[in-house]
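Below: the structure, in structure tokens.
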Amino acid sequence: MSGTDPAPQRSGPEGEESVGEESQVLRCVDLVAGYLPDVDILTGCTVHVGQGERVGIIGPNGAGKSTLIKAMFGLVPVRRGRVLLRGEDITSRPAHRLVAAGLGYVPQNNNIFPSLTVRENLEMGLYLRPKDFSDRQAAVSEIFPLLAQRGAQRASSLSGGERQVVAMGRALMTDPSVIFLDEPSAGLSPMMQDTVFEAVTRINRAGVSILMVEQNARQCLDISDRAYVLDQGRNAYTGTGAELARDPKVIELYLGTLARTDG
């Protein structure tokens, strides 16, 4: 950053417009959405994901982080605004059509079938295209060898971090170009959190763009190319992960005292 252009900046649609739209794989503009009639959780949120980017979403509890990706994935009613995939309006399309268009989604809870084996979980990720299973299983197992090594193991016997890898692997079976991750490290030990964040990096290195919501703000910013801070349903700050992680105001308001340590 130059001395005349400090970051992060308070965010808004104007700032998003300055980014070349041709490089944006996924974008939402002025999104207003909520679960109940007349109760808006998102109050005008604008974010974008570029080709090959890892984009993090952090913020306080109740800020609308998970609601954002659910609304973009057609799981929460959108009242105003648009969601664009490579320039095409996909606002409020049903989730199965978004999967066919190249989006993947890993929810925070109930994201695997514990009574099924690892292989059967992967099969469920591609149940409409069974003829493609072998090819996709091979491709996904290159990213996560665990999935081939533990294929016959029941998912219920896996550790929390391993279960998250299975959930991510199943979402990758459809060969998405963008994947949504909702709190992938939630409820995991620090060691298992490291496993999950390494898995996120592997997915991205395979060419998949990522939009990730995370409560573990420090690690989220550490692996994010760019990130947004949401507050009260809209963008409060945006910048690179490194810029947000060291910005005094973001630390004071959103990251807390733990973020003040060096590193």
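Any read-out appearing in this document is the output of simple, stated calculations on the displayed coordinates, not a laboratory observation. Since we're looking at a predicted model, the values are computed, not measured. Don't worry about glycine lacking a Cβ; one is built from the backbone with ideal geometry, like all the others, and counts go over all protein chains shown.
Could you check the spin-label model distance between R97 and Q153? Points 7 Å from the Cα along Cα→Cβ, value in nm.
The two pseudo-label positions are separated by 4.0 nm.
Build a GNM of the chain with springs between Cα atoms under 10 Å: which of S141, S159, S177 gets the top mean-square fluctuation?
Result for the chain, Cα springs under 10 Å: S159 fluctuates most.
How long is the gain from T43 to D89 if the chain were fully straight, where each residue apart is worth 0.36 nm and the alpha carbon distance is subtracted? Don't skip to the answer; put the middle values down first.
Working: separation 46, 0.36 × 46 = 16.56 nm, distance 1.95 nm.
Once the chain is fully extended between T43 and D89, it gains 14.6 nm.
Could you list R234, R170 in order of exposure, starting from the residue whose Cβ has the fewest other Cβ atoms within 10 Å?
Working: R234 20, R170 25.
Neighbour counts put them in this order, fewest first: R234, R170.
Based on a Kirkwood Rh over C-alpha pairs, give the Stokes-Einstein translational diffusion coefficient of segment 164-263 at 37 °C and viscosity 0.692 mPa s in µm²/s. Please report the intermediate quantities before stating the final value.
Working: Rh = 14.4 Å.
So the translational diffusion coefficient is about 228 µm²/s.
Choose one of L85, T43, L172: the residue whose Cα lies farthest towards the positive end of the charge dipole of the chain (beta-carbon charges +1 Lys, Arg; -1 Asp, Glu; about the Cα centre).
L172
Using 0.36 nm per residue of separation minus the Cα-Cα distance, give me the extension gain between S23 and A206 in nm, one decimal.
Working: separation 183, 0.36 × 183 = 65.88 nm, distance 1.81 nm.
Taking S23 through A206 to full extension adds about 64.1 nm, to one decimal.
Between A148, A33, A63, find the one with the highest GNM mean-square fluctuation for the chain; connect C-alpha pairs within less than 10 Å.
It is A148.
Using Kirkwood radius over Cα pairs in Å as the read-out, say which of (1) 21.4; (2) 19.6; (3) 18.8 was calculated from these coordinates.
(3)
Give me the orientation-averaged projected area of the Cα convex hull of segment 56-199, in nm², one decimal. Could you put the intermediate results ahead of the total?
Details: hull surface 37.2 nm².
That works out to 9.3 nm², a quarter of the Cα hull's surface.
Using Stokes-Einstein with the Kirkwood hydrodynamic radius over Cα pairs, what translational diffusion coefficient do you get for segment 58-138 at 25 °C and a viscosity of 0.890 mPa s, in µm²/s rounded to a whole number?
Details: Rh = 14.8 Å.
Taking Rh from Cα pairs, D becomes 166 µm²/s.
Just the ratio, please: alpha-carbon radius of gyration of segment 153-206 over 2.2 N^0.38 Å, N its number of residues.
Values: Rg = 11.1 Å, N = 54, 2.2 N^0.38 = 10.0 Å.
Normalised by 2.2 N^0.38 Å, the Cα Rg of segment 153-206 equals 1.11.
Can you figure out the FRET efficiency of S134 with E252, using R₀ = 45 Å and their beta-carbon distance, to the nearest 0.05?
On the way: r = 52 Å, r/R0 = 1.16.
For S134 and E252, the calculated efficiency is 0.30.
What residue among V83, V165, V39 has the largest mean-square fluctuation in a Gaussian network model of the chain, using Cα springs under 10 Å?
V39
Please report the relative contact order for the chain, taking Cα pairs under 8 Å with a sequence separation of at least 6, and give it as a percent rounded to a whole number.
Details: 509 pairs, mean separation 70.5, N = 263.
Contact order relative to length: 27 percent.
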